[in-house]
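As structure tokens, the structure follows; a few thoughts come after it.
The values are calculated or read from the model by the stated rules, or taken from the named source; none is laboratory data. Treat the numbers as computed from the prediction; the structure is a model and nothing was measured. Glycine gets a Cβ as well: all are built from the backbone with ideal geometry, and neighbour counts include every protein chain shown. These accessible areas exclude ligands, DNA and RNA; they are computed on the full protein's heavy atoms, side chains included. Shrake-Rupley method; radii C 1.70, N 1.55, O 1.52, S 1.80 Å.
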Amino acid sequence: YGKQVETTECEGEQGTETLEESEFLMVLLNIERSNNLYESWDQAFRYEADSGTNMYKKKRWITKIPQILTFNIIRVVYDHKTNMPTKLHNEFSFDKEIYIDRFIAENALRFPDFMNTLDSLKAKKQALEETLKKYQHQSKDLLYTDYMRVARQFIEKQLEVKEEDKE
């Protein structure tokens, strides 16, 4: 068994925080909202719940790593429209090597800075992908000179992002 600690912060009750320690065998991963291991794991270990009157923020941290870390990928969800279970056929990816350091309790203080950096990089990646799609869509109807101008604009946009990363 591994051990984990879960903190619950209640925003409605002036800074109320509870701490609960438990053993665990596996990490349950919901693939309905995410298609890769780390995003699903983040969602499983850090989530918000609304009770109607209070907002709760829950975070889980691993305090003791189990000898074998098992992941259970939840592929069956309940469809409220049909009142039946439905199997998800979403693609799900994970790396050969899995790094669990961002889920370890000892790293809890470094986690907010890491997530801010990660969110910033994800936003920049998404902006570049949207720009690329826009240019790819435009390039179907362009002449060679127009295509070169669009390519230059895309490269300039990438350089701007790299300069922002240096800051």
- Task: State whether the residues of region 28-40 include one that is surrounded by 15 or more Cβ atoms within 10 Å (Cβ to Cβ), at pLDDT 90 or above and not hydroxyl-bearing (S, T, Y).
- Result: yes
- Task: Assess whether N54 counts as being out of contact with any Lys or Arg (no Cβ under 8 Å at 6 or more places or on another chain) and at pLDDT below 85.
- Result: yes
- If we ask which residues in region 65-89 are open to solvent by less than 60 Å² (accessible area, probe 1.4 Å) and part of a loop (DSSP other than H, G, I, E, B), their number turns out to be 3
- So how many residues does region 16-27 have that are open to solvent by 70 Å² or more (accessible area, probe 1.4 Å) and over 29 Å from K87 (Cβ atoms)? 6
- Note on the structure: A careful count of residues in region 98-112 that are assigned to a loop (DSSP other than H, G, I, E, B) and either polar (S, T, N, Q) or touching a residue at least 60 places away in the same chain (Cβ under 8 Å) (or both) gives 1
- Out of all the residues in region 43-64, is one or more of a type in the set (A, V, I, L, M), more than 25 Å from T18 (Cα to Cα) and surrounded by 10 or more Cβ atoms within 10 Å (Cβ to Cβ)? no
- Please go through region 136-167 and pick out each residue that is within 19 Å of K124 (Cβ to Cβ) and modelled with pLDDT of 70 or more. Q153, F154, I155, E156, K157, Q158, L159, E160, V161, K162, E163, E164
